[in-house]
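Structure record follows, encoded as structure tokens.
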Amino acid sequence: MPVLVVSSIATFLTVLLVVAERYLVNYGECSIDINDGDKELKVQGGDSLLSSLTGEKIFIPSACGGRGTCGYCKVTVLEGGGPLLPTETPFLTRKEIAEDMRLSCQVKIRQDMRIAIPQELLAVKEYACRCSEIVDLTHDIKLFRFELVEPDAIDFVAGQYVQLFTPVYFRGGEEVYRAYSIASDVSEKGMLELIIRLVPCGICTTYCFEHLKAGDEVLLNGPYGEFCLSETDAPMIFVAGASGMAPIRSILCDMRNTQNRRKATYYFGANKVNELFMLDEMRQFEEKLADFKFVPVAASPGKDEQWDGEVGLVTEVVERGLKNASECEAYLCGSPGMIEACRKLLVKMGMGEDKIYFDSFE
């Protein structure tokens, strides 16, 4: 009981300090020097570096929406960032700490700052879009198609992602951004498709599933990410589950368009047969690509589900089917648990860790 009381008091005091700093402390106007004078901002102090940059239309990747749980929003803070916080250290290597890397969502602007940002992030754009279609894929996965309005075209590399802006839609809510892999063909520059899985109580997915309608206007920014095909000729395996389908589909479209002849096998896993989707489209890729095989996997088909495909965990099917792991590259997309299990398996089977590519926010 005493521990609970102390914990409650500590939590209360922490919240009180945050509220007090936000509403009672005035840091005035602060300057942010970006890349040694390439760009200089004047912002009101008190907010996080991430949110202040976003307000100035400078978009830093943040898969968790600035909650300090993804570790994506790293920038170099050369001056004015204050001491490194315990909330940052789990996401930073010793080398990154030595090079003044910080999580921009955790750094508060309390004084003038000098920071460095990769040049490609300064080129990231915000896109005003219109939701043109929403397609049910499973009971908890939908495809959202967005027509670009301003600008009316986007250039991206198959495998990259965008951030979707979620407005306030309930009392006490907040504006957030969430990262989603692009599912569409890079050649269709006037539209984007996202495959989104409903997360219980998720701010963005609840908005998309319960509030967003065809015809609504939305904001996206991007593109981001380095999850894309290497330039080697090595045989490839793709492993995905649920909404992890998105970047793999985009990559397959690009392989079809460019007549890429690399050997590829795609293992796509789900718990039940009715949670597998886009099966016909994947079979079409088998016909159109030179050396591609699609392997859908159901972990535990229901008694009333007719299924003559692979059964078991997707990692089990990979282990049974992959015979030359040391010669291959792997592209993984799905839940963090699935990715980690698959990564460990592939390393055990002889694949080099530098040949395993993944984005971990799906």
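Suppose we filter 156, 144 for residues that are surrounded by 18 or more Cβ atoms within 10 Å (Cβ to Cβ), modelled with pLDDT of 95 or more and not in a strand (DSSP E or B); which single one remains?
Exactly one residue qualifies, and that residue is 156.
Scan the stretch 194-217 for residues that are under 14 Å from residue 129 (Cβ atoms), among the hydrophobic types (A, V, I, L, M, F, W, C) and surrounded by fewer than 20 Cβ atoms within 10 Å (Cβ to Cβ) and jot them down.
The one that is under 14 Å from residue 129 (Cβ atoms), among the hydrophobic types (A, V, I, L, M, F, W, C) and surrounded by fewer than 20 Cβ atoms within 10 Å (Cβ to Cβ): 214.
Can you confirm whether the stretch 104-126 contains a residue that is farther than 24 Å from residue 57 by Cα, surrounded by fewer than 13 Cβ atoms within 10 Å (Cβ to Cβ) and not polar (S, T, N, Q)? Break it down stepwise before answering.
So the first thing to find is which residues in the stretch 104-126 are farther than 24 Å from residue 57 by Cα, and the list is none.
The answer is no, given that none of the residues of the stretch 104-126 is farther than 24 Å from residue 57 by Cα, surrounded by fewer than 13 Cβ atoms within 10 Å (Cβ to Cβ) and not polar (S, T, N, Q).
Wholly within the stretch 191-264, which strands (runs of 3 or more DSSP E) include no fewer than the required count, namely at least 3 residues that are under 26 Å from residue 310 (Cα atoms)?
191-197, 236-241
Given the residues 295, 317, which is the only one that is surrounded by 13 or more Cβ atoms within 10 Å (Cβ to Cβ), under 22 Å from residue 195 (Cα atoms) and outside the structural domain of residue 183 (by TED's automatic domain parsing)?
Of the residues listed, the single one that is surrounded by 13 or more Cβ atoms within 10 Å (Cβ to Cβ), under 22 Å from residue 195 (Cα atoms) and outside the structural domain of residue 183 (by TED's automatic domain parsing) is 295.
Can you tell me which residues in the stretch 175-190 are surrounded by fewer than 22 Cβ atoms within 10 Å (Cβ to Cβ) and part of a strand (DSSP E or B)?
If the condition is that a residue be surrounded by fewer than 22 Cβ atoms within 10 Å (Cβ to Cβ) and part of a strand (DSSP E or B), then 176 is the only one that fits.
All but one of (1) surrounded by fewer than 19 Cβ atoms within 10 Å (Cβ to Cβ); (2) in contact with a strand residue (DSSP E or B) (Cβ under 6 Å, 6 or more places away or on another chain); (3) polar (S, T, N, Q) hold for residue 52; which doesn't?
Unmet for residue 52, out of (1) surrounded by fewer than 19 Cβ atoms within 10 Å (Cβ to Cβ); (2) in contact with a strand residue (DSSP E or B) (Cβ under 6 Å, 6 or more places away or on another chain); (3) polar (S, T, N, Q): (1).
Out of 262, 249, I need the residue that is crowded, with 16+ Cβ neighbours inside 10 Å, closer than 22 Å to residue 138 by Cα, in contact with a Ser or Thr (Cβ under 9 Å, 6 or more places away or on another chain) and charged (D, E, K, R). Which one?
After applying the criteria, what remains is 249.
The values are calculated or read from the model by the stated rules, or taken from the named source; none is laboratory data. What you see is a predicted model, and the numbers here were worked out from it, not measured in a lab. Every residue, glycine among them, receives a Cβ derived from its backbone with ideal geometry; neighbour counts consider all protein chains shown.
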